[in-house]
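Every read-out reported here was derived from the displayed coordinates using simple, explicitly stated rules and does not represent laboratory data. Source: prediction; values computed, not measured. Note: ideal-geometry Cβ built from the backbone for every residue, glycine included; neighbour counts use all protein chains shown.
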Amino acid sequence: MTTVEHLLAQNPVFASLPPAPRATLLDNAIKRHYTKGETIVHAGDDWPYLFIVTEGSVNAQKCSPEGRNLVITTFQKGDIFWGLAFFHPEMLMPVCLEAQRATKIHLWSRETLHPLLQSHGAFSWELARLMVYKMVRASEILEEIAFQPVAGRLAKLLIETSSSSDMGAITRSLTLDEMAARIGSTREMVCRFLHRFADDGVIDITRTEFRITNPRRLTELARNSKG
């Protein structure tokens, strides 16, 4: 079994299909490769496709007229996503999609998947379940931006980024602008709170990394700064 076949077999939506139509679907996939920072689709485009990330990761982001970006979510290897026009013709993309790093995706048009959605009820059901989950997550993101101060959002980002790191070390792979885009703030505010965290002994800042020195306090900031 190839890597992509394995991804489809592990994904709850595609796994609901019998092996034969899933194999045919893989043969008919449109394969795309993107370099880091390359745009996959622009906000406002009519884009009737569904895709699965087979390598790398994809940022979904909103851009303001002033040039500020907000990363709504990131799709990792094995995640699927679709344009609004996949379900509703002429409904335009509300976000732009950008490769966070070197990325590969397999995608299918509405015309390709529509017969399978009609003939395989489990396939439609699992996709509907995923849509509900994404609606709930979108509501959580809006609530965080609306009601959780910058300090809490930044603390949460640091915790999430350090979850796979040893001893609380976070390599400074994200720029201040990228961190700001992920929490809906500005680079100046991010810089200000990072140094405030450092002054309070919550983190240690070096040229190459952040190190969480007081994880309990950082968790409290992430939890208690809501409202």
### Task
Give, rounded to the nearest 20 debye, the magnitude of the charge dipole that the stretch 149-224 has about its Cα centre when Lys and Arg contribute +1 at Cβ and Asp and Glu contribute -1 at Cβ.
160 debye
### Task
Output ³J(HN,Hα) for the stretch 97-106: one whole-Hz value per residue in order, computed from phi by the Karplus curve 6.51 cos²θ - 1.76 cosθ + 1.60 with θ = phi - 60°, and x for Gly and Pro.
10, 9, 5, 6, 8, 3, 9, 10, 9, 10
### Task
For Lys77, go through the lysines and keep the ones whose alpha-carbon is under 18 Å away, minus same-chain ones fewer than eight residues off.
Lys31, Lys36, Lys104, Lys134
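Taking R0 as 22 Å, what's the FRET efficiency between Tyr133 and Glu209 from their Cβ-Cβ distance, rounded to 0.05?
On the way: r = 33 Å, r/R0 = 1.50.
That gives a FRET efficiency of 0.10.
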## Note on the structure
Placing +1 on each Lys and Arg Cβ and -1 on each Asp and Glu Cβ in the chain, then taking the dipole about the Cα centre, the residue among Ala15, Tyr34, Ala198 whose Cα reaches farthest towards the positive end is Ala198
### Query
Over what distance in Å are the Cα centres of the stretch 94-132 and the stretch 170-222 separated?
35 Å
### Query
Nearest 20 debye, what's the magnitude of the dipole of the chain about its Cα centre given +1 on Lys and Arg Cβ and -1 on Asp and Glu Cβ?
420 debye
### Message
If each DSSP helix of 4+ residues adds -39,500 (n - 2.57) and the sum is divided by the residues in the chain, what number results at 222 nm, nearest 500 deg cm²/dmol?
### Response
-13500 deg cm²/dmol
#### Entry: Total formal charge among the other residues, if their Cβ is under 12 angstrom from that of Val136, Lys/Arg +1 and Asp/Glu -1
+1
### Exposure proxy ranking, count of Cβ atoms within 10 Å, fewest first, for Trp47, Trp125
Trp125, Trp47
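Can you sort Thr35, Thr161 by how many other beta carbons sit within 10 Å, fewest first?
Thr35, Thr161
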### Query
Using alpha carbons only, how many degrees (0 to 90, rounded to 10) separate the axis of helix 215-224 from the longest principal axis of the chain?
70 degrees
### Estimated distance in nm for a label pair at Arg216 and Cys191, the labels positioned 7 Å out from Cα along Cα-to-Cβ
3.4 nm
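In what sequence do Arg153, Arg192 fall when counting other Cβ within 10 Å, fewest first?
Ordered from fewest to most neighbouring Cβ atoms within 10 Å, Arg153, Arg192 come out as Arg192, Arg153.
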### Query
Looking at the square roots a ≥ b ≥ c of the eigenvalues of the Cα gyration tensor of the stretch 149-224, which shape do they give, rounded for a/c under 1.5, prolate if a/b is larger than b/c, or oblate?
rounded
### Task
For Cys63, put the label point 7 Å out on the Cα→Cβ axis and report which residues of the stretch 12-55 keep their amide N under 14 Å from it.
37-45
### Summary
So, with points 7 Å from each Cα along the Cβ direction, the His114-Thr24 label distance in nm works out to 1.7 nm
### Message
Give me P(r) over the chain, computed from all C-alpha to C-alpha distances, binned every 10 Å, as integer percentages.
### Response
7, 28, 31, 21, 11, 2, 0
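Just to confirm a number: summing +1 for Lys and Arg and -1 for Asp and Glu over residues other than Ala29 whose beta-carbon lies under 12 angstrom from that of Ala29, what do you get? It would help to have the intermediate numbers written out before the result.
Working: positive: Arg22, Lys31, Arg32, Lys104; negative: Glu5, Asp27.
Taking every Cβ under 12 Å from that of Ala29, the sum is +2.
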### Task
At 7 Å along the Cα-to-beta-carbon direction for both Glu5 and Thr175, put a label point, then send me their distance in nm to one decimal.
4.2 nm
### Query
Around Ile105, what is the net charge, scoring Lys/Arg as +1 and Asp/Glu as -1 over all other residues with Cβ under 15 Å from its Cβ?
+2
